[in-house]
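A quick write-up on the structure given underneath.
Just so you know, all these numbers are worked out from the coordinates, no wet-lab data involved. It should be emphasised that the depicted structure is a prediction, and the values quoted were computed from it without experimental measurement. All Cβ positions, even for glycine, are placed from backbone atoms using ideal geometry, and neighbour counts span all protein chains on display.
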Amino acid sequence: MISKTVDYKYYWKITVLALCIICVSLFHYITGTEHKYHGLHEIYRRLYYVPIILSAFWFGLKGGISCAIVVSFFYLPHVIFQWGGSFLTNDLPKTLEIVLYHIIGVVTGFLSQEQMNATAKLRHQAGVLAQAEEQLRHADRLSALGKLSAGIAHEVRNPLASIKGTAEILSDKFKPGDKEYEFVEILIKEVNRLDAVIVGFLDFAKPKPPKLTLSNINDIILSVLKLTEHQIERSGINIETRLGDNLPSVYADPEQMKQVFLNLIINAVQAMPDGGELEVESHRNSSEIVCTLSDTGIGISNEQQNDLFTPFYTSKKDGTGLGLAIVYRILEGHKGEIKFTSEENKGTRFTISLPIGNL
Ligand SMILES: Nc1ncnc2c1ncn2[C@@H]1O[C@H](COP(=O)(O)OP(=O)(O)OP(=O)(O)O)[C@@H](O)[C@H]1O
Ligand SMILES: [Mg+2]
């Protein structure tokens, strides 16, 4: 719809310009060149300024110059053939008028182009501002919602603890193999799962400020790899570590950073149900420590990529969808960054960067 309106306006302007040029040219060609008409020709010549200025105003520099060329094309035969003789010697002022058309085209075109660019810039800035305002409002609503749900989640944990306690007492009353024992075990398992979701949510909704201490990122990565070693091997995954030598320490909360690497490694393992390669690498890049985790797993589709860090976004049956949201929050608290690239059925690479000396 919009493009149709634009086209219509464009053609309308071109038609007005064409009509202007044709009318002024007709005046020139049908008016004689006798002495009594000289005054009229003086006026007609200047009438060509109208389409040139209009074109410059509507289409900028290109419009001004193109119109000056078209006008010259219509005007020149009149000078040569109707006024006769050498147009360079006999009628220099008339010929110089063509130079003037071009000067007017260039100057007004340039000025109007500047104006157009400034307007476009202002429009763009207004758009960006409106977007930022909307994001701020959205963040405000999310924050209010987050506080409310964090309060509810916190309250849910208390009765959950009582249910779990009661279920554990009940499970003591039955022997393994009893039907009731099995039910109570399911009850305890589901309560534990619910509790884990709530703990994850509270971690996300009410993030603790990081306790920054001078930490060695490689040590943190190695401790998480040790923790997950068993799971990695069991899944048939080969692990390759290429940790940079003598990396400077960074100010980080080791517990929170362990959570970051744990979430990323577990995601990578879950993305490679039939085994694969996991490469963990770290290096220094000017004032940052950069760590990358690359897997050869199922990858992430383009549609999924926008939602990856959104809380509760998960493609897994038992996932909470909070892992990456928490990772993002933690890195934000460390003034760090996380990025990823992924190709479906090829694999995914997460890149984390932490500033050196961020206290
Ligand atoms: N390495 C990866 N390869 C492929 N997909 C991934 C990878 N890491 C994350 N994802 C996708 O991003 C989604 C969100 O990940 P996130 O860690 O936030 O939640 P989750 O793993 O689904 O659940 P949870 O971490 O709570 O168990 C995942 O469900 C998965 O679809
Ligand atoms: Mg996860």
Students often forget the sequence filter, so: which aspartates and glutamates lie under 12 Å Cα-Cα from Lys94 once same-chain residues fewer than 8 apart are removed? Glu42
If R0 = 25 Å, then Arg46 and Arg123, at their Cβ-Cβ distance, give a FRET efficiency to the nearest 0.05 of 0.10
Can you list residues from other chains, or at least 5 along the same chain, whose modelled amide H is less than 5 Å from the amide H of Ile289? Leu354, Ile356
Return the equivalent ellipsoid semi-axes of the chain as a descending list in whole Å, where each equals the square root of 5 times an eigenvalue of the C-alpha gyration tensor. 77, 25, 19
With the chain treated as a Gaussian network of Cα nodes joined by springs under 10 Å, which of Asn306, Asn218, Asn267 yields the largest mean-square fluctuation? Asn306
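How large is the charge dipole for the stretch 145-205, taken about the Cα centre, if only the Cβ atoms of Lys, Arg (+1) and Asp, Glu (-1) carry charge, to the nearest 20 debye?
On the way: 8 positive and 10 negative charges, 28 e Å.
Using Cβ point charges on Lys, Arg, Asp and Glu, the stretch 145-205 gives about 140 debye.
Using the Kyte-Doolittle scale, which helices in the chain average at least 0.5 and also have C-alpha atoms spread 18 Å or more along the helix axis, with helices defined as whole DSSP H runs? Write out the running numbers ahead of the final one.
Numbers: long enough: 2-30 (42 Å, 0.99); 49-77 (27 Å, 1.56); 92-173 (116 Å, 0.02); 179-205 (39 Å, 0.56); 217-234 (26 Å, 0.17); 254-270 (24 Å, 0.29).
Sorted by number, the helices that extend far enough and score high enough are 2-30, 49-77, 179-205.
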Picking from Gly357, Asn117, Ala325, whose Cα lies most toward the positive end of the charge dipole for the chain (charges on Cβ: Lys, Arg +1; Asp, Glu -1)? Asn117
About the Cα centre, charge dipole magnitude for the chain (Lys/Arg +1, Asp/Glu -1 at Cβ), debye: 1420
At most 14 other Cβ atoms within 10 Å plus a DSSP loop assignment makes a site exposed; report the longest stretch of the chain without any exposed GluC sites (Glu not before Pro). 35-343
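With +1 on each Lys and Arg Cβ and -1 on each Asp and Glu Cβ, how big is the dipole of the stretch 2-130 about its Cα centre, in debye rounded to the nearest 20? Could you put the intermediate results ahead of the total?
Numbers: 10 positive and 6 negative charges, 91 e Å.
Dipole of the stretch 2-130, to the nearest 20 debye: 440 debye.
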Take Thr33, Thr320 and order them by how many other Cβ atoms sit within 10 Å, fewest up front. Thr33, Thr320
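Hey, any idea what the orientation-averaged projected area of the convex hull of the stretch 213-355's Cα atoms comes to, in nm²? All intermediate terms of the calculation are to be shown ahead of the outcome.
Values: hull surface 32.3 nm².
Taking the Cα atoms of the stretch 213-355, their convex hull projects to 8.1 nm² on average.
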Can you spot the lysines whose alpha carbon is less than 28 Å from Lys316's alpha carbon? Ignore those fewer than 8 places along the same chain. Lys147, Lys164, Lys189, Lys206, Lys208, Lys226, Lys258, Lys339, Lys346
